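Engineer: Have a look at this one before I ask anything.
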Amino acid sequence: MDTLSRVVRLARLRGSVDIRCLIAGSHTLDNPAGGTGSSPFHLLLEGECTLELPGRSIDLRAGDMVLLPRGTAHRVHTHGPGPAASVEHRDVGPYALVSGTAPDGDVVPVDLFCGHYTWEPGAGQVLMGMLPEVLHVPLGAGAGSPLALLSAFMRDEARTAGPGTEAVLDSLCDVLLTLALRGVSGVSRVAWLSSTRGVVRTVTDAVLRDPAHDWGIEKFAALNSMSRATFIRHFGRETGMNAGEFLMRLRMLLAAELLTQTEQPVASVAAAVGYASESAFGRAFRLAAGDTPARLRRAARQGVPGEEVSILRLRAANRGDTPRP
């Protein structure tokens, strides 16, 4: 199995569509900060809009996806010759539909899907911690783009809103995330996810097969029949990071899985992923996951609060209601 598929399966992320926007004309969608264990995303299928974040803005075109792993509060502005008229908000089965017409009635509406990914404390949290604060991936809108078939399917399901629509849309969101992560080759911190080259695959397979082994550059180079210098050059070019950081992050993904899915003591988990020192393991884990092993385990047992509250806040913010705490 390739690296990206393994990581996605370990992360156990779940995607959902919250709002679909069909807006002709200018309009603003407010997106409150996401709750614990929740990262919002936007998929623009048609038209243009602008994502406004604290201190920066991003222009989006058809075929663009944006994921905000930290759940940063933001706004989305649709463009048009004037304010959208007759803006309506109504529930359509599993999601809310926001629609509006242009003042002159002759503007193609923006077609924007807004949703979120949730995860329980564990490998998903580690993966989100690896991603940049804003992940903007152009997937393309042409007939030959990877998004073409997926977008047609999403639109059809959203339009019919029949039995099973929520499950279908959720599954399509999962596919969308994999396509986005596959397209991050220009983002150095996570470029290794989409690498299909032999050096990365050989190293990944070896570490996943035996994470407790005393791995190092010399052993990785030998696995690839390369000199140390050649391996360092190839690995850095393909992954955007050094072998030590890569090894640590891969081990922490596996450690998060053991911490949340087994009852092994922290010291045993540390040893299972190659750390003789529990304190050294704790420092590495906190760097990768943003939390200590013990706190992550407790959070996993307690469950993740706030997912429904986050969804209600998003919908309320765009109806003009006052969100309940």
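Engineer: Could you give me the ³J(HN,Hα) list for region 153-161, computed from phi with Karplus coefficients 6.51, -1.76, 1.60 and θ = phi - 60°, whole Hz, x at Gly and Pro?
Structural biologist: 5, 5, 4, 5, 5, 5, 6, 7, 6
Engineer: Further question on the same structure: Across region 202-209, in residue order, what do the Karplus-derived ³J(HN,Hα) couplings come to in whole Hz, using 6.51 cos²θ - 1.76 cosθ + 1.60 with θ = phi - 60° and x for Gly and Pro?
Structural biologist: For region 202-209, the Karplus curve yields 4, 5, 4, 4, 5, 5, 5, 6 Hz.
Engineer: Now for a different question. Could you work out the helix-only [θ] at 222 nm for the chain, with each DSSP H run of four or more residues adding -39,500 (n - 2.57) and the total divided by the number of residues, to the nearest 500 deg cm²/dmol? Working shown, then result.
Structural biologist: Working: 12 runs with 139 residues, N = 325.
Counting only the DSSP helices, I get -13000 deg cm²/dmol.
Engineer: Farthest toward the dipole's positive end in the chain, which of Ala24, Gly240, His89, given Cβ charges of +1 (Lys, Arg) and -1 (Asp, Glu) about the Cα centre?
Structural biologist: Result: Gly240.
Engineer: Now for a separate question. Taking the Cα centre of the chain as the origin, how large is its charge dipole in debye, to the nearest 20, when only Lys and Arg (+1) and Asp and Glu (-1) carry charge on their Cβ atoms?
Structural biologist: 1100
Engineer: Round to the nearest 0.05 the FRET efficiency obtained for His79 and Arg286 when R0 = 35 Å and r is the Cβ-Cβ distance. The partial results should precede the final answer.
Structural biologist: Working: r = 42 Å, r/R0 = 1.21.
Plugging the Cβ-Cβ distance into 1/(1 + (r/R0)^6) gives 0.25.
Engineer: Whose amide H sits under 5 Å from the amide H of Thr72, counting only residues 5 or more places off or on another chain, with H placed in the peptide plane?
Structural biologist: Gly34
Engineer: Just to confirm a number: summing +1 for Lys and Arg and -1 for Asp and Glu over residues other than Leu254 whose beta-carbon lies under 15 angstrom from that of Leu254, what do you get?
Structural biologist: Combined, the nearby Lys, Arg, Asp and Glu give +4.
Engineer: Against the longest principal axis of the chain, how steep is helix 307-317, in degrees 0 to 90 to the nearest 10, with axes from Cα atoms?
Structural biologist: Approximately 30 degrees, to the nearest ten.
Engineer: Let me ask something additional. For the chain, give the share of DSSP beta bridges that are antiparallel, in percent and rounded to the nearest 5; count only bridges with both residues there.
Structural biologist: Antiparallel bridges make up about 90 percent of those DSSP assigns within the chain.
Engineer: Next up: To the nearest 20 debye, what is the magnitude of the charge dipole of region 191-302 about its Cα centre, counting +1 on the Cβ of each Lys and Arg and -1 on the Cβ of each Asp and Glu?
Structural biologist: 260
Engineer: Here is a follow-up. May I ask for the angle, rounded to the nearest 10°, between helix 228-239 and the longest principal axis of the chain, with both axes built from Cα atoms and the value confined to 0 to 90°?
Structural biologist: 20
Every read-out reported here was derived from the displayed coordinates using simple, explicitly stated rules and does not represent laboratory data. Quick caveat, the model's predicted, so the values are computed rather than measured. Neighbour counts are summed over all protein chains in view; Cβ atoms, including those assigned to glycine, are modelled from backbone coordinates with ideal geometry.
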